[in-house]
1. Would you pick out the residues in the range 100-135 that are exposed (fewer than 15 other Cβ atoms within 10 Å of the Cβ) and within 16 Å of the chain's Cα centre (by Cα)?
2. With the requirement that a residue be farther than 23 Å from Pro76 by Cβ and more than 8 Å from the ligand (Cβ to nearest atom), what does the range 23-45 give you?
3. Can you tell me how many residues within the range 187-201 are within 21 Å of Ser244 (Cβ to Cβ), assigned to a helix (DSSP H, G or I) and away from the ligand (no atom under 13 Å from the Cβ)?
4. For the range 163-176, does any single residue satisfy the condition of being surrounded by fewer than 19 Cβ atoms within 10 Å (Cβ to Cβ), over 15 Å from the mean Cα position of the chain (by Cα), within 28 Å of Arg203 (Cα to Cα) and among the aliphatic types (A, V, I, L, M)?
5. Thr184 - would you say it is modelled with pLDDT of 95 or more, within 12 Å of the ligand (Cβ to nearest atom) and more than 27 Å from Gly129 (Cα to Cα)?
6. Hey, does the range 75-90 have a residue that's surrounded by fewer than 20 Cβ atoms within 10 Å (Cβ to Cβ) and part of a helix (DSSP H, G or I)?
7. Against the conditions (1) modelled with pLDDT under 95; (2) of a type in the set (A, V, I, L, M); (3) surrounded by 12 or more Cβ atoms within 10 Å (Cβ to Cβ), where does Ala194 fall short? Just the number, please.
8. So Val48 clears everything in (1) within 10 Å of the ligand (Cβ to nearest atom); (2) over 26 Å from Leu226 (Cβ atoms); (3) among the β-branched types (Val, Ile, Thr) except one condition, right? Which one?
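The values are calculated or read from the model by the stated rules, or taken from the named source; none is laboratory data. All values reported here derive from a predicted model rather than from experimental measurement. Here Cβ is always computed from backbone atoms with ideal geometry, including for glycine, and neighbour counts include all displayed protein chains.
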Amino acid sequence: MQPSFHGLRALVTGAGKGIGRDTVKALHARGAGVVAVSRTNADLVHLVDECPGVQPVCVDLGDWESTERALAGVGPVDLLVNNAAVALSQPFLEVTKEAFDRSFSVNLRPVFQLSQMAARSMIQRGVPGSIVNVSSMVAHVTFPNLSTYSSTKGAMTMLTKAMALELGPHKIRVNSVNPTVVLTAMGRRVIEDAELAQKLKARHPLRKFAEVEDVVNSILFLLSDLSASTSGSCILVDAGYLAS
Ligand code: NAP
């Protein structure tokens, strides 16, 4: 069953490329009014060309004050997808303060900031809502050189549950989607070594990585009423990796 989002407004972060971009396109195609937030203006210009009516917001989500200003005028939303992230690869012994701060200020802090903004407005208007946090399977398993990135995603697991607990009485559901490797710009950067990629793929019971479409479908399911009784939960889109 294909969910419809007619009459609803959605905000998607990290909308310029990869999973965020295809999430905007899918929501737009299914009738939602969409606010697309990303960092590179050219990406947003192309996205609006493809999806007329999408409202672009160009901002670095790692900057709290700029984000507050940029989002002040976008109006209320019913659906929020916290998707923007950076994956900075460093061996644990070489992790820098800069990489740590940047990772948490882009991957986690905006989840607090944008979810607060969205949820306060939902509560004030007395409407239900759904928030989806795009996490990763590395919230649950280790992966070389990704200690900082996976720490942000591990923290996102508890944040998703804490938000579900506190926002549930207001009929706001909060869930996460946790993919394995997806060959977007980010995925290709993390899996640069072809031999490592083959070995890693072979460790997945389904012998593949995830497609962008697989992740988007799970996001749409969690945003929609098809998952009306699901909150504080996560959907693994991991080709069976965590079962192995
Ligand atoms: P991607 O192709 O690198 O796209 C990320 C998008 O987020 C880009 O449009 C990027 O804009 C934007 N973004 C990054 N930092 C930002 C900031 N500070 N402010 C505003 N926008 C920002 O990544 P993806 O693969 O689609 O990843 C999407 C989500 O899936 C992330 O949460 C990621 O952790 C998760 N995930 C990805 C994989 C994978 O293998 N790809 C696996 C598991 C989970 P710029 O390019 O302009 O910076």
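1. Of everything in the range 100-135, those that are exposed (fewer than 15 other Cβ atoms within 10 Å of the Cβ) and within 16 Å of the chain's Cα centre (by Cα) turn out to be Phe112, Gln116.
2. Of everything in the range 23-45, those that are farther than 23 Å from Pro76 by Cβ and more than 8 Å from the ligand (Cβ to nearest atom) turn out to be Asn41, Ala42, Val45.
3. Total meeting the criteria: 4.
4. no
5. yes
6. Among the residues of the range 75-90, not one is surrounded by fewer than 20 Cβ atoms within 10 Å (Cβ to Cβ) and part of a helix (DSSP H, G or I), which makes the answer no.
7. (3) is the only condition that Ala194 fails.
8. Condition (1) is where Val48 drops out.
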